[in-house]
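Notes follow once the structure below has been shown.
The values are calculated or read from the model by the stated rules, or taken from the named source; none is laboratory data. Keep in mind that this is a model prediction, so the values were computed, not measured. Neighbour counts run over all protein chains shown; Cβ positions are idealised from the backbone, glycine included. To get the accessible areas, we keep the full protein, side chains included, count just its heavy atoms, and leave off ligands, DNA and RNA. Shrake-Rupley method; radii C 1.70, N 1.55, O 1.52, S 1.80 Å.
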Amino acid sequence: MDAFDELQLLSRQMAIEPAEEVGATGARPTPCGVDPDAGMIHHAIMPGGKRIALLKTLQTSACERDCYYCPFRAGRDFRRATLSADEMARVFDEMARRGQVEGLFLSSGIAGGGIRTQDKIIASAEILRRKYNFRGYLHLKIMPGAEKEQIRRAMQLADRVSVNLEAPNTQRLAQLAPHKVFLEELVRPLKLIESIRREQGGGPSSTTQFVVGGADETDRELLLTSAQLLREARLSRVYFSKFNPVPGTPLENRPPENPLREHRLYQTDFLLRQYGFCFDDLVFDERGNLPLDADPKVAWARQHLAHAPVELNRAGKSELLRVPGIGPKTVDVILRERRKGRLRELTDLRKLGVIAARAAPFVLLDGRRPAYQLPLW
Ligand code: SF4
């Protein structure tokens with residue numbers, strides 16, 4: 001196989017990894033479906049809203065570790081592929097010049113330790129930036145146990161860096177990846193990224209990913225760690241990737257996780273990042289999971305607003321953001337419209353972009369509960 005064939009194989013193997021935002025709900029990237037590169041290139045939405053064709057790939061799909069859920073684990077029987085730093089940069093540059101790709105997300109299996117593997121990822125990025133003068137989007141994975149100076153260099157080259165935590169704490173990680181060290185190898189690099197940003201007065205964004213449903217972890221555990229890291233390591237996104245069993249791994253007989261659980265976690269992550277909620281606001285069931293039958297904002301509102309509705313003509317921004325059916329953009333519209341006149345009817349709200357049926361049970365309009373019809377279902 002030539003280097004392009006190897007890259008195709010690596011990229012298809014990599015398709016399972018969430019990388020960048022692909023929609024407001026944070027759903028997973030979807031293949032662009034353009035032959036012959038289907039599965040290699042993904043439409044990704046950049047922080048400013050621009051869409052780019054992103055190549056997600058691996059430096060190598062060989063790995064010396066044996067994480068229980070992972071298709072790349074050592075000893076699993078499948079065709080592995082590896083590209084040198086020169087090959088990776090050259091093949092990507094050819095694709096970029098043909099207009100097929102505009103950005104690269106580069107990760108790797110671990111071969112020769114996390115530090116050596118990180119060196120190879122950095123070398124690919126260096127060649128791409130220096131020799132091929134690539135100025136587009138670059139997302140580099142930080143390997144478990146990477147050193148501070150490696151992280152600093154990766155941050156100089158990349159627009160985004162990420163470390164996959166996989167599990168919310170040491171005990172849960174032991175059920176997924178027995179040879180990864182949670183605090184030292186995974187949390188420490190995430191905190192180093194933030195400390196380097198502080199030292200330099202800025203830098204690329206950082207993200208992490210959890211496997212959901214692979215280690216009997218609860219949503220409470222996942223969201224507690226997420227909330228801490230959003231605050232302390234200033235992550236710009238947390239990705240939740242539902243567990244799917246991979247044949248030939250120790251967890252192959254474990255059932256796949258319900259996609260609705262992943263969706264509820266993403267909704268909650270938005271509440272933490274964009275709606276002013278904190279961990280203590282979240283509503284969990286007796287097992288420590290988010291209710292699947294209610295949007296997490298509605299679950300909170302049923303407990304707190306059903307008997308103390310928000311007066312939409314007086315409430316401040318943070319109060320308005322707590323109302324189901326009202327998002328950050330709608331809050332601004334409501335505040336603007338209130339300067340022109342009072343909000344009196346649900347139809348007034350609908351015109352402003354509020355999902356009126358959702359908001360109605362939790363609001364007052366001029367001191368009155370708005371008349372609304374309960375949904376049939
Ligand atoms: S270290 Fe990464 S690539 Fe290797 S088995 Fe674990 S999760 Fe998979």
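Note on residue 317: aspartates and glutamates with a C-alpha under 19 Å away, same-chain residues under 8 apart excluded, are 281, 332, 337, 348, 366. For residue 171, what charge total do you get from the other residues with a beta carbon under 11 Å from its beta carbon, if Lys and Arg give +1 and Asp and Glu give -1? Surrounding charge for residue 171 is -2. Accessible surface calculations at 1.4 Å, restricted to protein heavy atoms, place the chain at 45 Å² per residue. Other residues whose C-beta falls under 13 angstrom from the C-beta of residue 249 contribute a net charge of +1, scoring Lys and Arg +1 and Asp and Glu -1. Figure note: 278, 63 ranked by solvent-accessible area, largest first, 1.4 Å probe, ligands and nucleic acids not counted: 278, 63. With the convex hull constructed from alpha-carbon coordinates only, segment 282-377 shows a mean projected area of 6.5 nm² over all directions. If both residues of a DSSP beta bridge must be in the chain, then about 25% of such bridges are antiparallel. The order of 337, 149 by accessible area, most exposed first and with a 1.4 Å probe, is 149, 337. Accessible-area rank, largest first, for 1, 46, 143: 1, 46, 143, with all protein chains present and a 1.4 angstrom probe. The spacing between segment 219-282 and segment 295-331, judged by their C-alpha centroids, is 23 Å.
Rounded to whole Å, the principal axis extents of the Cα atoms in the chain read 70, 44, 43, largest first. Using only Cα coordinates, the Kirkwood hydrodynamic radius of segment 202-327 works out to 16.0 Å. For segment 260-312, the set of GluC sites (Glu not before Pro) satisfying both a DSSP loop assignment and a count of at most 15 other C-beta atoms within 10 Å is given as 286. Only protein heavy atoms count here; on that basis, with a 1.4 Å probe, residue 346 has an accessible area of about 20 Å². Bridging of residue 141 to lysines at a Cα separation below 30 Å is possible for 50, 56, 120, 131, 180, 191, 242, once same-chain residues fewer than 8 apart are set aside. Rounded to the nearest 10 square angstrom, residue 116 shows an accessible area of 140 square angstrom against a 1.4 Å probe. Rolled with a 1.4 Å probe across the full set of protein chains, the surface gives residue 347 an accessible area near 70 Å².
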